[in-house]
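The values are calculated or read from the model by the stated rules, or taken from the named source; none is laboratory data. Small disclaimer: the values here were computed from a predicted structure and weren't measured. Positions of Cβ are backbone-derived with ideal geometry, glycine not excepted, and every protein chain shown enters the neighbour counts.
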Amino acid sequence: MLELPALPLRAGQLPLGDLVDLYMAHYDGRDTTRVQRLTWWKARLGALPLAELSDDHVHAAIEELANQHSRYYAGKDADGAPIYRAKKKPLTPATLNRYQTALAAVITWAIKKRIAPKGYVHPVRSVERRPEDNERTRFLSDDECRRLLDACKASSWPRLYVLVLMALTTGARKGELTGLTWADVDLERAEAHVGRTKNGDPRVLPLVPAVIEELQKFKAGASSFVFRSPRSAERVFAFEPRFHEALRAARIKGATFHTLRHSAASTLARNGATLLEIADILGHRQLQMTKRYSHLATSHKAALVTRVMGGLR
């Protein structure tokens, strides 16, 4: 078993870069973007001692980042090093907020573990987050869902249909679904257990009858991945090309696999689920993350107000 590095006590002079390395050594969440975002913070403020890190430093760094363009993976060069190319558009407010959240998590951890000096003021919390355009969150209409599911049924990869169906009915993230093994799935209890979600919390996914019926076709050994590669039960299938083929066949534009998570939430909101219920199903720690769907629940809120206070004169 790998021994974790010891944590220093009240180490105000610890460089931020070293603190980030300590944090990542102890990190057990499943947010695959955290390393990339914290690597950026190390390059920008890594030499600064923790005690000297202020909200001004954080604000200036975020402002600098706002003027940069996002990048996408474009393969590897002749030496096998990854190639990243800049996109035409700058980083979105949501992406900037995620960078800020990543640094905030490190500082919160340092305070909790008493690495930060006593009485340390969190330098990220006073930096205002950027407003996100939640109304533009892409989700599928009922007709688009039907067309996509029909296209998935016709896919050359037979498990694409149940994968997409699970995403639409559980709101689970791609990594949560592809990480499932048959040991995590209980068909009799109609549930699947995600040991570690993106934010590090365990979660139970409820399985609707149609999902159970499909999963029974592929049931295998406990250690086998549910969405395994045809070549190996111990590897997850790289399904993205098949998914994009299904999107094209269904004539759906502007959607990604994460759109299915938004679609699950919007369907719940439009059918009367409260924001608290949606947050619980999606595994959101903060209700603020769920408020992007609040405008879809207007009919349910109107019915609630009418039922409770409609008799007032």
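Observations on the model:
- Test: residue in the range 166-179 that is at pLDDT 95 or above, in contact with a Leu (Cβ under 8 Å, 6 or more places away or on another chain) and over 15 Å from residue 264 (Cα atoms): no
- So residue 11, is it crowded, with 17+ Cβ neighbours inside 10 Å and outside the structural domain of residue 119 (by TED's automatic domain parsing): yes
- Members of the range 133-173 that are polar (S, T, N, Q) and out of contact with any helix residue (DSSP H, G or I) (no Cβ under 8 Å at 6 or more places or on another chain): 141
- The range 263-273: number of residues that are part of a loop (DSSP other than H, G, I, E, B) and crowded, with 16+ Cβ neighbours inside 10 Å: 1
- Residue within the range 138-157 that is buried (at least 17 other Cβ atoms within 10 Å of the Cβ), within 30 Å of residue 251 (Cα to Cα) and polar (S, T, N, Q) present: yes
- Single match in 127, 121 (criterion: in the same structural domain as residue 54 (by TED's automatic domain parsing), surrounded by fewer than 15 Cβ atoms within 10 Å (Cβ to Cβ) and farther than 16 Å from residue 29 by Cβ): 121
- Subset tally (residues that are small (Gly, Ala, Ser) and either at pLDDT 80 or above or not assigned by TED's automatic domain parsing to the domain that holds residue 162 (or both)) for the range 273-301: 3
- Residue list for the range 19-39, filter: in a helix (DSSP H, G or I) and more than 22 Å from residue 65 (Cβ to Cβ): 22, 25, 26
- Only one entry of 43, 66, 47 meets the criterion of being of a type in the set (Gly, Ala, Ser) and in contact with a Pro (Cβ under 6 Å, 6 or more places away or on another chain), and that entry is 47.
- Helices (runs of 4 or more DSSP H) wholly inside the range 144-262 containing at least 2 residues that are among the hydrophobic types (A, V, I, L, M, F, W, C) and in contact (Cβ under 8 Å) with a residue 60 or more places away in the chain: 160-170, 240-249
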